[in-house]
Amino acid sequence: QKEVEQNSGPLSVPEGAIASLNCTYSDRVSQSFFWYRQYSGKSPELIMSIYSNGDKEDGRFTAQLNKASQYVSLLIRDSQPSDSATYLCAVNGGRSNYQLIWGAGTKLIIKP
Amino acid sequence: AAGVIQSPRHLIKEKRETATLKCYPIPRHDTVYWYQQGPGQDPQFLISFYEKMQSDKGSIPDRFSAQQFSDYHSELNMSSLELGDSALYFCASSLTNNEQFFGPGTRLTVL
């Protein structure tokens with residue numbers, strides 16, 4: 001079992017709707033959680049980081065963390081076609097403070 | 001704002017050749033990470049350096065080595081290249097153990 005699990009998708013969402021991306025992790029001592037967006041052939045781009053339970057909002061993006069359930073999610077409001085990308089969940093602060101443990105990514109498709 | 005710089009952006013090598021990839025972290029960042037990403041895969045962590053010392057090691061082949069220099073730039077040296085080494089190689093930097101910011105990557109093709 002992979003340490004960080006994501007649904008590979010593709011997840012298809014109509015333009016203007018809310019896209020919901022989910023991630024679970026297995027290491028209970030993990031402290032830091034990140035969402036990266038990656039367009040095909042490009043480098044991962046950090047879009048959200050979250051460190052404590054609850055919600056964190058930044059523009060159209062909201063990250064949610066529930067450490068008891070070992071669950072982190074990313075909501076994208078008012079989805080735009082430019083949001084179509086692969087979203088990678090990454091976790092660190094577990095066994096190795098330096099190494100990010102990555103999920104396999106969820107491919108998101110926003111349909112006009 | 002300054003970002004992570006990687007060079008070269010594209011590299012084509014023959015089997016059994018050597019390659020050197022360079023990374024210039026964001027100014028004042030003290031930690032550098034190297035990742036390898038194959039098509040359709042998530043980034044695979046290779047190695048990291050904190051204040052010029054190796055801080056963590058992932059799935060880096062013995063044929064690869066890396067170091068971080070006094071000016072904080074880092075180089076990934078790859079020898080005896082194999083076809084399977086063809087991938088995108090990303091460098092990321094962070095301030096201590098914080099958010100990692102990625103460079104544009106080097107696309108290595110081994111023929």
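Of the residues B:S70, B:S74, B:S80, B:S55, which is farther than 19 Å from A:S43 by Cα and out of contact with any Ser or Thr (no Cβ under 8 Å at 6 or more places or on another chain)?
After applying the criteria, what remains is B:S70.
Please give the number of the condition B:R16 fails out of (1) more than 14 Å from chain A (Cβ to nearest Cβ); (2) outside any loop (DSSP other than H, G, I, E, B); (3) not aliphatic (A, V, I, L, M).
The one condition B:R16 does not meet is (2).
Of all residues in region A:53-74, which are charged (D, E, K, R) and not in a loop (DSSP other than H, G, I, E, B)?
Correct list: A:D55, A:K56, A:E57, A:D58.
Have a look at A:N22, A:N7, A:N92 and point out the one that is buried (at least 16 other Cβ atoms within 10 Å of the Cβ), within 14 Å of chain B (Cβ to nearest Cβ), out of contact with any helix residue (DSSP H, G or I) (no Cβ under 8 Å at 6 or more places or on another chain) and within 26 Å of B:P39 (Cβ to Cβ).
A:N92
Quick one: in region A:10-52, of everything that is under 15 Å from the mean Cα position of the chain (by Cα), in a strand (DSSP E or B) and among the aliphatic types (A, V, I, L, M), which residue is farthest from A:G103 (Cα to Cα)?
So the residue we want is A:A19.
Let me confirm something: among B:S93, B:S48, B:S65, which residue is small (G, A, S), outside any loop (DSSP other than H, G, I, E, B), more than 10 Å from chain A (Cβ to nearest Cβ) and under 23 Å from A:L46 (Cα atoms)?
Only one candidate passes the filter, namely B:S93.
No value in this document is a laboratory result; all are computed from the given coordinates. In this text the structure is predicted, and so the values were computed from the model without any measurement. Positions of Cβ are backbone-derived with ideal geometry, glycine not excepted, and every protein chain shown enters the neighbour counts.
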